[in-house]
Amino acid sequence: MILKQLRLSRHLSQEQLAQMSGLNVRTIQRIESGHKASVESLKCLAAALDVAVATLNEENFVIDKHAHNWQALPLWLRCWFGFSFLHIHPTRRVAKRIETMSHATGFLFCLLGFVSEAALAGGLIMLATAYLFYLFSWQGDRYGIWFDPPAAGERQSA
C-alpha cells in the first residue's frame, strides 16, 4: 500500500492525516506498516488525501538491491537508475522521449551552426545527450529494468 508515500508527498504527519481522516493515529501506523485496512478506513483516507480508494490499494514497487538482476547490472547503470535520473521510476517511454527531443533539437541547432558557433556547440551537446539516452534505453532493454511494459510491437531483449 502506498499510504505512507502519499502522506509524505503531501507533507503530512501521521497525526495530521489522522485528524483529517477522522481515524486514530494507531490505525494509520498499522496500515502504513502493512496491516490490512477496512473498507471504511480506506474510504476515510482516500477522502482526506483526495485520491481514489483503488489508488490506496496500489502496491509500492521498489528495486531490490539484493536481487540477482540488480547485482548483474554494471556499476554505472546501477548508479544511473539508483539516482532515478530518468524519472522517479525509470520508464522506457520517458527515456525515448528525451532521446527524440534531444535528436530533434540537436539537428536544429547544428543547422543553425552555419550562422552561429554557439548554436553548433549546443547542437553537438544535444546530439551527445540523445546518444547517451539511446545507450541507456538499450541497456534498460537489455537488463529489463523498466517500470513500464513494452509497447505493442516492441521487441524485448532477453
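Take the Cα of K96, step 7 Å toward its Cβ, do the same at V53, and the gap between the two points is 3.6 nm. For F114 and R142, a Förster radius of 22 Å and the Cβ-Cβ distance give a FRET efficiency of 0.05, rounded to the nearest 0.05. The simple spin-label model puts a point 7 Å past each Cα toward its Cβ; for Q29 and L75 those points are separated by 4.2 nm.
FYI, it's all coordinate maths here, none of it is from the lab. Everything numeric in this text was worked out from a predicted model, so none of it was measured. Glycine gets a Cβ as well: all are built from the backbone with ideal geometry, and neighbour counts include every protein chain shown.
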